[in-house]
Amino acid sequence: MKFAMYGSGAAGSVFASYMRRGGADIILIDRYEEHMKKIAADGMTFTIHLQEEGEYRDITEVLQGFRTYTSAQAAFEVEGKVDAIIYMTKATQLSTAIQDSLPVVGEHTVAVSLINGLGNDDNLMKVYPAERCVIGSGVLGTALRGPGHCVSTPAGGVQMNFGAIVRNECTDAVCEEMLKCYRDGGCNAFWRRDDIYTYVWKKVIVNATVNTVCFVLRLKIGEIEADPYGRELFRDVIREACAVATARGTPLDSDDFIAHDHYDIVTNIGDYYPSMCQDAFNRRQTEIDVLNGKIAEYGKELGIPTPTCAVLSQCVRAIQGNYAKQF
């Protein structure tokens, strides 16, 4: 089975590396030409920043066998159509990415979004039938140290969730192959056969909590958790998001989420600046609109108060709109 990873920056490179490590036949498509050339020439340097007994150590290896392209058209001219295409762009870029990727998409190609945020399923289904759509997300930190070198910072427990919007023989085959490759590659992945939306919402809430608050406060996850005011911001986001998720048909208990899901993040990757902080450092647009912004939007539609998510969204939008002016 041939996979394409469309969008091979930090997260796409890490997710593809676990798959390649597990034996997947996978091509990379990304406009970052220097990155693509480096991987094609020297392989992907893949570092797992692993925590063991409270201390971190790096496991690094070079993965060979990737074929890389800077456009889907260039990939099609060599590879033809693929069996499954995994989208790992920014959520705000997904609609454009889907259109740009069509040269490698055949009538039976399964579309997979492992992108963080809400609404990615809707974007997929504007082009693909629901019977050919898989959604999910990873629960690990990702970064690029430079062209051809990606870093995974895994949390303990579950590291990847995915599942079909509508199960059938075609999506089952893709999910089964993904599960095998991720597991064999060292990623603790789970194929959620019957309830993927619970896990999509859980990842959204994790990101809406740690990404956004860390972005605004300019602190690591553990540093915020250690501060009483920061800790309460974390909890306010979780309470609002769980209320909205429940109202939209995915029941989540905020106290249980804080005690288990949030605790796991703080415990395992507390010494970490989330991806939105990396966006700030590099003066990039963030995914705030599909995280706290979307939670606040849903809350307004449903009549559920989301004051913390709304204010944090406004703060992030104001900051990213004025990077060059900040002291």
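Okay, here's what the table says:
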item	result
Region 95-111, subset out of contact with any Ser or Thr (no Cβ under 9 Å at 6 or more places or on another chain) and touching a residue at least 60 places away in the same chain (Cβ under 8 Å), residue surrounded by the fewest Cβ atoms within 10 Å (Cβ to Cβ)	H108
Answer from G270, G321, G303 - the residue that is in contact with a helix residue (DSSP H, G or I) (Cβ under 6 Å, 6 or more places away or on another chain), over 17 Å from N116 (Cβ atoms) and surrounded by fewer than 21 Cβ atoms within 10 Å (Cβ to Cβ)	G270
Those helices (runs of 4 or more DSSP H) lying entirely in region 1-116 with at least 3 residues farther than 27 Å from V200 by Cβ	33-42, 72-79
Verdict on K294 being of a type in the set (K, R), surrounded by fewer than 19 Cβ atoms within 10 Å (Cβ to Cβ) and in a helix (DSSP H, G or I)	no
Identity of the residue in region 137-150, at pLDDT 95 or above and touching a strand residue (DSSP E or B) at 6+ places or on another chain (Cβ under 7 Å), that ends up surrounded by the fewest Cβ atoms within 10 Å (Cβ to Cβ)	H149
Every residue from region 275-291 that is part of a helix (DSSP H, G or I) and either over 24 Å from G138 (Cα atoms) or out of contact with any Asp or Glu (no Cβ under 9 Å at 6 or more places or on another chain) (or both)	C277, Q278, A280, F281, I288, V290
Per-region count, region 26-64, residues closer than 15 Å to Y272 by Cβ, acidic (D, E) and under 19 Å from the mean Cα position of the chain (by Cα)	0
One residue from L124, L118 being farther than 21 Å from S17 by Cα, surrounded by 14 or more Cβ atoms within 10 Å (Cβ to Cβ), assigned by TED's automatic domain parsing to the domain that holds I27 and modelled with pLDDT under 95	L118
Flag if S313 is farther than 19 Å from G117 by Cβ, buried (at least 20 other Cβ atoms within 10 Å of the Cβ) and of a type outside the set (D, E, K, R)	no
Options I304, I319; residue that is of a type in the set (A, V, I, L, M), more than 18 Å from the chain's Cα centre (by Cα) and not in a helix (DSSP H, G or I)	I304
Region 160-208: number of residues that are under 14 Å from the mean Cα position of the chain (by Cα) and of a type in the set (S, T, Y)	1
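The values are calculated or read from the model by the stated rules, or taken from the named source; none is laboratory data. What you see is a predicted model, and the numbers here were worked out from it, not measured in a lab. When we count neighbours, we look across all protein chains shown, and the Cβ atoms used for this are built from the backbone with ideal geometry, even at glycine.
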